[in-house]
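Okay, so here's the structure we're looking at.
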Amino acid sequence: MMLSEDTERLSRLVPLLPKLWDWYRANARALPWREPSTSPYAVWVSEIMLQQTQVATAAPFYERWMERFPTVRDLASAPLEEVLRYWAGLGYYARARNLHRAAKDLLASYEGELPSDVKALLRLPGIGRYTAGAIASLAYGIPAAVVDANVERVLCRIFGVDGIPSQAATARRLAALAEALVPPDAPGLHNQAMMELGALVCSPSDPACGRCPLSDACHAARTESPTDWPRRRAAKRQVRTAHASAALFRSDGSVLLVRRAPHGLWGGMWELPRRECAAGEAPVQTAERALREVVGLRATIGAELHTVRHAVMHYAITLHVLRASEPEGDASPLDCVALRWATPRQALELPLASPQRQALERLAAMQHLAG
């Protein structure tokens, strides 16, 4: 819901929009999902990848993905394990699982085509209002607003929005403002221009107000500190956890790997049997417990081979990797959906979360040095 002062600022902003579109035509980055044309599938995949991921990081993953899964049908028919392997390194693996689920739904209900209706898009796994608006406007030319973090920042600064964007009332206000600005004849151009403006000019820490085509209507540009917007909650304290994995080798150099159930942290990925360290529990005890609880084995836990540290957003993980030997009995998939033996080098071909990939890369290097 817009406020009364929003209407007055809108009246000054709307006449400036052609300058924004001209700026975009002259300055838009050459990104793989914009070339050669904006297909619904390309928009969908790219927007999901760009959630929590920077453009420079996402671009090579996108190109690899589209080479292997060029259509919804190709994605739907691929096994989840392969989908996760192509996603490995981007993190937040629920995004890949939802892409796969949604592709199957599209194949079953829409003959493999993404619908143009926003409400229908919102019923697909992993598609929220922002992604639905992007698909509808960029691919189908339907007037629908897109409010990503970049657009959010631009709107908060132009309109001097004092609420925190993640709060419901402020989010509704921003959505209403974005909808009011979308031109019916060029929604895709406008939405891409707004997102690009936030990425290239109205940046979080160093906005270039002198280069902004909308600065004449911007509240924040008239202040000494435009970076005061958007308002933010106090930064979350980083959650730190310690985990331990058991590296159980056979005489042929293969190591035991397990595949997690397809939900939760690193769901559907392969890893060395792992558990989070309980309070007061030493890594050697945790590794012993991991083997027992995940695959039903009791084994001797030896030296720590290496430690991997991994941080993403608000959490940081320390992974201790310990050698295990002399197991009693055979491994059974108790708290995993599958298990297999593979050399560390072979394991690197499987879908692995970043900490486990680092751990196995080090194990492979150790085997190589050992001859």
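Less than 5 angstrom separates the built amide H of LEU248 from those of LEU256, ALA324, all sequence-distant by 5 or more or on a different chain.
Give me the mean projected area, in nm² to one decimal, of the convex hull enclosing the Cα positions of segment 43-143.
5.8 nm²
Beta-bridge orientation, the chain: approximately 65 percent antiparallel, per DSSP, counting only bridges with both partners inside. The magnitude of the dipole of the chain, with charges of +1 and -1 set on the Cβ of Lys/Arg and Asp/Glu and taken from the Cα centre, is near 520 debye. Looking at segment 198-292, the GluC sites (Glu not before Pro) that sit in a DSSP loop and have at most 16 other Cβ atoms within 10 Å of their own Cβ are GLU224, GLU281. Straight-line cross-link partners of LYS104 among the aspartates and glutamates, defined as a Cα under 13 Å from its Cα and at least 8 positions apart when in the same chain: ASP74, GLU113.
For segment 76-163, the Cβ-based charge dipole about the Cα centre amounts to some 180 debye (Lys, Arg positive; Asp, Glu negative; other atoms uncharged).
For TYR315, the amide hydrogen comes within under 5 Å of the amide hydrogens of VAL239, counting only partners 5 or more places away or on other chains and with H modelled in the peptide plane.
In the chain, helical runs assigned H by DSSP with n ≥ 4 each contribute -39500 (n - 2.57); averaged across all residues and rounded to the nearest 500, the mean residue ellipticity at 222 nm is -13000 deg cm²/dmol. Taking the charge dipole of segment 239-370 about its Cα centre, with +1 at Lys and Arg Cβ atoms and -1 at Asp and Glu Cβ atoms, the residue from ALA247, GLY302, ILE317 reaching farthest to the positive side is ILE317. Which of ASN150, VAL284, SER116 sits closest to the plus end of the dipole of the chain, meaning its Cα is farthest towards the positive end, when Lys and Arg get +1 and Asp and Glu get -1 on the C-beta? Value computed over the given set: VAL284.
Magnitude of the charge dipole for segment 1-76, about its Cα centre and with charges confined to Cβ atoms of Lys, Arg (+1) and Asp, Glu (-1), is about 160 debye. Give me the Debye-computed log₁₀ of I(q)/I(0) at q = 0.14, 0.17 Å⁻¹ for segment 239-370, equal point scatterers on Cα only, no solvent, two decimals. Ignoring solvent entirely, the Cα scatterers give -0.55, -0.84.
Would you compute the Debye intensity of segment 297-371 from its alpha-carbon atoms alone, equal scatterers and no solvent, and pass along log10 I(q)/I(0) at q = 0.13, 0.16, 0.22 Å⁻¹ to two decimals? Treating every Cα as an identical point scatterer, log10 I(q)/I(0) equals -0.49, -0.75, -1.27. Working from Cα pairs under 8 Å separated by at least six residues, relative contact order for the chain is 16 percent. Per-residue Karplus couplings for segment 208-215, computed as 6.51 cos²θ - 1.76 cosθ + 1.60 with θ equal to phi - 60°, are listed in order as 9, 4, x, 9, 7, x, 10, 5 Hz, Gly and Pro entered as x. Candidate cross-link partners of LYS119 among the aspartates and glutamates, defined by an alpha-carbon separation under 19 Å and a same-chain spacing of 8 or more, comprise GLU47, ASP105, GLU111, ASP148, GLU179. Length, then width, then depth: along the principal axes, the Cα atoms of the chain run 76, 49, 36 Å.
The trypsin sites (Lys or Arg not before Pro) of segment 88-181 that DSSP puts in a loop, and whose beta carbon has at most 14 other beta carbons within 10 Å, are ARG123.
So for segment 239-370: antiparallel DSSP bridges make up what percent, rounded to the nearest 5?
On the way: 22 of 33 bridges.
Antiparallel: roughly 65 percent of the beta bridges in segment 239-370.
All of the numbers you see were taken from the coordinates with simple rules; none came from a lab. Only a predicted model underlies this, so the values are computations on that prediction, with no experimental measurement involved. Please note: Cβ atoms are built from the backbone with ideal geometry, for glycine as well, and neighbour counts cover all protein chains shown.
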